[in-house]
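Quick notes on the structure that follows.
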């Protein structure tokens, strides 16, 4: 009986360690430096005129969003995911980086 508990304890520890390691890798490897404002404006204008999908990273460390951009007004934009399940309204100051998807 004690052997089974020891084995279960080892499996539990292994699962916890792998889970923590997985989410550490996801959060630390994908972040890039803050893009300059002129570059953000250029990329956003290209995405709007050419209508290509983008991936946007935000300064508040929320998950990246991939989708198409639309401009609401001069300073506000909305990105909608490809599945149309997720949308986010944002301004230029909230964006850390943007890249073509």
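The values are calculated or read from the model by the stated rules, or taken from the named source; none is laboratory data. Model, not experiment: these values are computed from the prediction. Every residue, glycine among them, receives a Cβ derived from its backbone with ideal geometry; neighbour counts consider all protein chains shown.
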- [ ] Answer yes or no as to whether residue 14 is at pLDDT 80 or above and not assigned by TED's automatic domain parsing to the domain that holds residue 93.
- [x] yes
TODO: Answer yes if at least one residue in the stretch 29-39 is more than 17 Å from residue 95 (Cβ to Cβ), in a loop (DSSP other than H, G, I, E, B) and either at pLDDT 80 or above or in contact with a helix residue (DSSP H, G or I) (Cβ under 8 Å, 6 or more places away or on another chain) (or both), and no otherwise.
DONE: no
- [ ] Collect the residues in the stretch 42-61 that are closer than 19 Å to residue 73 by Cα and surrounded by fewer than 15 Cβ atoms within 10 Å (Cβ to Cβ), keeping them in residue-number order.
- [x] 42, 45, 49, 50, 51
